[in-house]
Amino acid sequence: MRRITDSRTVITTDTRLEIAAVELRASELGPQIGARTQIVVTADRMIFDAPLVAPAALIQLTAREFIGGSKAQVDVSGRDGKDAPQTRKPKPPLGHHNRRPDGENGENGHNAGRIEVMGWSLTGPLQLTARGGEGGLAQPGGHGADGKPGRNGRNPRNAYDGQGEPGGDGGPAGHAGHAGTPGTSGDGGMIVVRLAHGTADVETDVAGGSEVPAATHGEPGDPGDAGRGGRRTDCAEYVDPPVV
């Protein structure tokens, strides 16, 4: 879409915003950015009276005169990755020792964009930021399933002095879940400044996202209890009664 007035031309698409103006304020530009990833400005005079934030975008600013100040900031830092759930997955049911409740991975952080500032002069401070997004936190590993209890030993039947059968072994413990992998932090962007006057007033911040701490692994389940042994059948002495 194209809009033309005596002092301004605005061309927009879903991904691009282009403005040519005699004078343009950042407070006018910011609300028009939305989700666009390329912003191109050509102006005689540009005034930074509000921050410009466009995650991972390309911002190209060309003007004869830039006016900075306390709110003069352009930020194209990448978004942080989403955290995986920070609670452990439920412990598997009793006896499911082959099921390993691994944690989910964190989302990767997004890379930063690029800023280009080109013109004749800058008056007042201007902060330019292009930091990579931090990776998302990983989910901790879940605890392993507990083993089933062993089968109880059977008791002897119709036998004197019979020994009860020993109890069965307890079931095996489940494996501990592995922690998920934290998201990789995004790369820092690029900042290019070409000014004839005022470069000393420009402060830049370019860096990759910070390191994300690792999540903890789960603990293995408890082995099942051994079954109880069968009871011993005692021998009872028997004497025939006397013949009268």
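For residue 84, indicate whether it is part of a loop (DSSP other than H, G, I, E, B), aliphatic (A, V, I, L, M), farther than 21 Å from residue 17 by Cβ and touching an Asp or Glu at 6+ places or on another chain (Cβ under 9 Å). The answer is yes for residue 84. Only residues that are closer than 21 Å to residue 77 by Cα and part of a strand (DSSP E or B) were counted across the stretch 1-24, and they come to 3. Screening residue 90 on (1) at pLDDT below 95; (2) not in a loop (DSSP other than H, G, I, E, B) shows it passes everything except condition (2). Considering the stretch 103-148, the residues that are open to solvent by 30 Å² or more (accessible area, probe 1.4 Å) and acidic (Asp, Glu) include one that is farthest from residue 172 (Cα to Cα), namely 134. Within the stretch 58-69, is even one residue assigned to a loop (DSSP other than H, G, I, E, B) and closer than 30 Å to residue 199 by Cβ? Yes, that holds for at least one residue.
Going through (1) buried (at least 16 other Cβ atoms within 10 Å of the Cβ); (2) among the polar types (S, T, N, Q); (3) without any contact (Cβ under 8 Å) to a residue 60 or more places away in the chain; (4) within 13 Å of residue 113 (Cβ to Cβ) one by one, residue 37 falls short only on (3).
The number of residues in the stretch 81-101 that are buried (at least 20 other Cβ atoms within 10 Å of the Cβ) and touching a His at 6+ places or on another chain (Cβ under 8 Å) comes to 3. Condition first: modelled with pLDDT of 85 or more, buried (at least 16 other Cβ atoms within 10 Å of the Cβ) and closer than 28 Å to residue 223 by Cα. Can you find one or more residues in the stretch 149-161 that meet it? No, every residue in the stretch 149-161 fails to be modelled with pLDDT of 85 or more, buried (at least 16 other Cβ atoms within 10 Å of the Cβ) and closer than 28 Å to residue 223 by Cα.
For the stretch 183-219, the candidate set comprises residues that are within 26 Å of the chain's Cα centre (by Cα), open to solvent by less than 40 Å² (accessible area, probe 1.4 Å) and aliphatic (A, V, I, L, M); within that set, the residue that is modelled with the highest pLDDT is 207. Taking the listed residues 236, 176, the one that is modelled with pLDDT under 80, in a loop (DSSP other than H, G, I, E, B), farther than 30 Å from residue 71 by Cβ and hydrophobic (A, V, I, L, M, F, W, C) is 236, with no other qualifying. Total residues in the stretch 2-31 satisfying the condition of being within 20 Å of residue 71 (Cβ to Cβ) and open to solvent by 50 Å² or more (accessible area, probe 1.4 Å): the figure is 5.
The values are calculated or read from the model by the stated rules, or taken from the named source; none is laboratory data. Worth saying up front: this structure is predicted, and the values here are computed from it rather than measured. Heads up, the Cβs are rebuilt from the backbone with ideal geometry, glycines too, and the neighbour counts pull from every protein chain shown. Please note that ligands, DNA and RNA were not included when accessible areas were found on the heavy atoms of the full protein model with its side chains. Shrake-Rupley method; radii C 1.70, N 1.55, O 1.52, S 1.80 Å.
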